[in-house]
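Structure record follows, encoded as structure tokens.
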Amino acid sequence: MIAVNGLCKKYGSRIAVNHLHLNVREGEIFGLLGPNGAGKTTTISILATLLPFDEGQVTIAGYDLVREAGKIKPLVGFVPQELALYPTLGAWDNLAFFGRIYGLHGALLKARVSAALELVGLSDRAKDAVRTFSGGMKRRLNIAAGLVHQPRILFLDEPTVGVDPQSRNFIFEHIEQLKATGMTIIYTTHYMEEAERLCDRVAIMDAGRILALDTPQGLIALLGGGVIYASLSAAAVEELLPEIRALPHVQAASIQDNRLKIETQAARFALPKLIELCNMRDVPILSLEMLEPNLESVFLYLTGKRLRD
């Protein structure tokens with residue numbers, strides 16, 4: 001459904017998307033997972049025909065994004081992270097406005113607006129001004145605005161930011177319903193549990209690049225049995241490294257960023273052996289961190305823990 005080859009986007013000297021390659025299959029939920037500033041929003045804004053790009057080639061549903069953007073626009077729905085609603089208008093009037101932009105009129109427009117309101121559970125608030133809605137209701141209406149023209153591809157940019165658990169679960173259930181109809185969904189998030197629950201495949205992005213792409217289970221398998229990071233004195237690390245590599249459940253050990261990095265078959269079993277060895281050699285452990293296999297650990301393992309804006 002979507003093929004991206006060598007996609008680049010620059011803002012002056014800053015590279016927002018850096019030679020990106022990916023393919024999205026028809027009917028799947030494809031997740032873009034990454035820290036703030038990773039390039040997720042820029043990427044989907046380009047794919048949704050909202051931003052020009054500098055290099056690369058993109059085809060969507062067989063159409064070239066540069067030469068045939070007019071044929072792509074009716075096929076896609078875009079739900080931005082920021083609310084794109086008119087607060088003084090009612091829910092019905094908001095959706096009718098967006099429906100008319102896509103060329104819907106008369107009975108068809110009314111049917112599509114009614115269906116979209118029903119889908120997001122807002123039929124009973126159709127005439128109420130959006131400014132009277134809760135945050136979760138606004139998020140749901142924001143999604144409805146991207147669905148009113150019944151697109152084949154839906155771009156969702158962090159659609160659950162700031163919503164309560166009930167609204168979040170409601171959104172999840174309806175995204176799963178949309179997938180069941182055959183819709184292709186590209187979903188950006190930095191919430192690991194969302195990616196694990198919803199996505200058929202996930203690409204972990206950072207600094208405009210894809211660091212890894214697989215099913216959630218396939219990505220988790222990258223960590224094997226988990227990773228242990230330990231800070232010891234430099235002299236002690238060099239001395240103990242051969243013995244650490246020989247410990248039970250240890251697959252590999254190396255020095256990374258002045259810390260000892262131990263890849264294991266089972267981190268919870270390897271850790272006591274490491275502590276026991278350090279105690280025997282009278283080597284103090286200055287800091288210790290264990291990453292057991294889950295998507296959050298993979299995310300931290302690939303992107304690091306430094307806070308990005």
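Among the residues making up region 257-268, those that are over 16 Å from Gly224 (Cβ atoms) and either within 28 Å of the chain's Cα centre (by Cα) or not polar (S, T, N, Q) (or both) are Asp257, Arg259, Leu260. When Asn142, Asn169 are screened for being modelled with pLDDT under 95 and in contact with a strand residue (DSSP E or B) (Cβ under 6 Å, 6 or more places away or on another chain), only Asn142 passes.
If I ask for residues that are touching a helix residue (DSSP H, G or I) at 6+ places or on another chain (Cβ under 8 Å) and either surrounded by 21 or more Cβ atoms within 10 Å (Cβ to Cβ) or not charged (D, E, K, R) (or both), which ones from region 113-131 would you list?
Val113, Ser114, Ala116, Leu117, Leu119, Val120, Gly121, Leu122, Ser123, Ala126, Val130
Yes or no: region 134-154 includes at least one residue that is surrounded by fewer than 17 Cβ atoms within 10 Å (Cβ to Cβ), touching a Phe, Trp or Tyr at 6+ places or on another chain (Cβ under 7 Å) and without any contact (Cβ under 8 Å) to a residue 60 or more places away in the chain. Checking region 134-154: not a single residue is surrounded by fewer than 17 Cβ atoms within 10 Å (Cβ to Cβ), touching a Phe, Trp or Tyr at 6+ places or on another chain (Cβ under 7 Å) and without any contact (Cβ under 8 Å) to a residue 60 or more places away in the chain. Out of region 197-206, which residues are among the charged types (D, E, K, R) and either under 19 Å from Ala180 (Cβ atoms) or surrounded by fewer than 18 Cβ atoms within 10 Å (Cβ to Cβ) (or both)? Selection gives Arg197, Asp200, Arg201.
From the list Leu300, Leu274, Leu295, Leu260, the lone residue that is closer than 20 Å to Asp206 by Cβ, in contact with a helix residue (DSSP H, G or I) (Cβ under 8 Å, 6 or more places away or on another chain) and either surrounded by 18 or more Cβ atoms within 10 Å (Cβ to Cβ) or among the aliphatic types (A, V, I, L, M) (or both) is Leu295.
The values are calculated or read from the model by the stated rules, or taken from the named source; none is laboratory data. Computed from a predicted structure; not experimentally measured. Note that each Cβ is placed from the backbone with ideal geometry, even for glycine, and that neighbours are counted across all protein chains shown.
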